[in-house]
1. Tell me whether region 270-359 comes out rounded, prolate or oblate; compute the Cα gyration tensor, take square roots of the eigenvalues as a ≥ b ≥ c, and use a/c under 1.5 as the rounded threshold.
2. Would you mind pulling out the separation of the Cα centroids of region 373-405 and region 58-121, in Å?
3. Only Cα pairs under 8 Å and at least 6 apart count here; give the relative contact order of the chain as a rounded whole percent.
4. Loop-only check: which trypsin sites (Lys or Arg not before Pro) in region 2-43 are DSSP coil with at most 13 other Cβ within 10 angstrom?
5. Counting only residues 5 or more places away or on other chains, whose amide H sits under 5 Å from the amide H of residue 14 once H atoms are built in the peptide plane?
6. Could you give each residue of region 119-134 its phi-based ³J(HN,Hα) in whole Hz, using Karplus coefficients 6.51, -1.76, 1.60 with θ = phi - 60°, and x for Gly or Pro?
7. Which of the GluC sites (Glu not before Pro) found in region 343-428 are loop residues per DSSP with 15 or fewer other Cβ atoms within 10 Å of their Cβ?
8. Go through region 402-417 residue by residue and turn each phi into a ³J(HN,Hα) via Karplus (6.51, -1.76, 1.60, θ = phi - 60°); whole Hz please, and just put x for glycine and proline.
Amino acid sequence: MSDKAILEVNGEKHEFPLITGTENEVAIDVKALRGSTKGVITLDPGYKNTGSCESAITFLDGEKGILRYRGYSIEELAEKADFLEVAYLLIFGELPNQEQLDKFHADIKSHSIVDDDVKKILDAFPKAAHPMGVLSSLTSALTAFNPSSVNVDSEEDMYNAIVRILGKFPVLVAWTMRKKHGLPLEYGDDSLGYVENVLKMMFKSPNKDYEQNDILVNALDKLLILHADHEQNCSTSTVRITGSSHAGLFVSLSAGISALWGPLHGGANQAVLEMLEAIKEDGGDTKKYMAKAKDKSDPFRLMGFGHRVYKNFDPRAKIIKVAADEVLGDLGVEDPILDIAKGLEKEALEDPYFVDRKLYPNVDFYSGIIYRAMGIPVEMFTVMFALGRLPGWIAQWKEMRMRKEPIGRPRQLYTGETLRPFTSIENR
Ligand code: SDX
């Protein structure tokens, strides 16, 4: 196979190197394009055909429905690892041994206290505030309480920033939920595992002891693993481009949280449940919603379906669908919403509109059914997505900064007015 691409522009041929990745993906290196063609650029809204970086963290094959973190399959990790092991793997590149994992967890615990003044910021929010907006603000505010910006040239400094945010973020997650429900703000319990601690901070009632439920712990651990990274998705690209200006880690994460909030991205898990509830209220009339999803004059989309990269089943959706049956069974929860979801999936997978466009269930289609069975309120679903995605965002930010990548600043094609003289207001 040739190692170069040839582009002819206005009769002139230009050669560009081809770069091949470790999974035999091929990219045209166009770094020299504008210079060699005297100003010609590429145009690719939504970056559907454009790579923003080389990365060694996560590999996706959208046609084959493959997802791997640092070379390990998502199926094996979801089955055999726990969330903190996967966080370590994504951030540092290797699965930890027991000693490394224990130290990682101990260092995270040592930073799991959030400055009490952060509560004053939280108190300023109305109860009706969406938790994603609160979480993004509090994460950004952490910079004020932890001013040491990350000196990326120091491994120690980088490590300290990472364990600090991994320690404090779960507290902020729990506080956003408890604030909404008018509950006192709990701190964690250092005697617990990472995920056990999250659940206790979220659910401990002030007037009784908290009893761990292993079904909930295992379900949340698996969901967090499945959400932990996903290469250059919208929110991760936001974290990378924000960090490329050398903005700090916490504010870059805050930007990522805001991007994730959108219903076309992480906000879809909440939108899926609201859609399924609406179908249930409508007497389970899935055909009406299928028709709406196909009607170009109707902005409605079948939430939880479709994906920019996966043109086959999202491997995470497959795992979550099985887990949904297991968790609801273990908890003894009968949820008609699950049956509606399965019915909708069956219809969509047989409908030419969805088949022709290769629209399959994605990670968000079934996850909310498990969160709801666990007692997590629907407005917290995307916050749980952010908790899972945190190590992936950290890993991607660290990779970008350690490689000293340039500031992200795309070009554009100007299609506005050409030069025209100013006219005074009397003459307009
Ligand atoms: C996540 O990128 C990631 O990796 C994201 C994520 C991660 O882990 O970070 O995987 C998490 O964000 C999953 C996606 C969650 N979003 C949803 O479930 C919202 C519903 N899905 C869509 O809005 C859509 O599928 C996107 C946003 C996910 C992908 O959109 P694309 O790649 O820009 O595709 P498109 O909008 O160009 O759609 C192609 C065609 C269009 O029809 P035509 O113009 O060809 O006739 O498919 C149609 C779209 O109208 N289409 C849908 C649809 N999704 C696409 N029609 C109905 N319902 C849908 N859900």
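1. Values: a/c = 2.16, a/b = 1.28, b/c = 1.69.
Oblate is the answer for region 270-359, as a/c is 1.5 or above yet b/c matches or exceeds a/b.
2. Between the Cα centre of region 373-405 and that of region 58-121, the gap is 10 Å.
3. Working: 564 pairs, mean separation 84.0, N = 428.
After rounding, I find 20 percent.
4. Numbers: sites: 4, 13, 31, 34, 38; in loops: 31, 38.
Within region 2-43, the qualifying trypsin sites (Lys or Arg not before Pro) (loop, at most 13 other Cβ atoms within 10 Å) are 31, 38.
5. The answer is 7, 8, 9.
6. Each residue's phi maps through the Karplus curve to give 4, 5, 5, 4, 4, 6, 7, x, 4, 6, 4, 5, x, 5, x, 5 Hz.
7. Numbers: sites: 345, 347, 350, 379, 399, 417, 426; in loops: 417.
Here the GluC sites (Glu not before Pro) that fit, given the DSSP loop and packing criteria, are 417.
8. Once θ is set to phi - 60°, the couplings for region 402-417 become 5, 8, 6, 5, x, 4, x, 8, x, 8, 8, 10, 6, 10, x, 5 Hz.
A short reminder: the numbers here are calculations on the coordinates, not readings from a lab. Computed from a prediction, not measured in an experiment: that's the story for all the values here. Quick reminder, even Gly has a Cβ in these numbers, built from the backbone with ideal geometry, and neighbours come from all protein chains shown.
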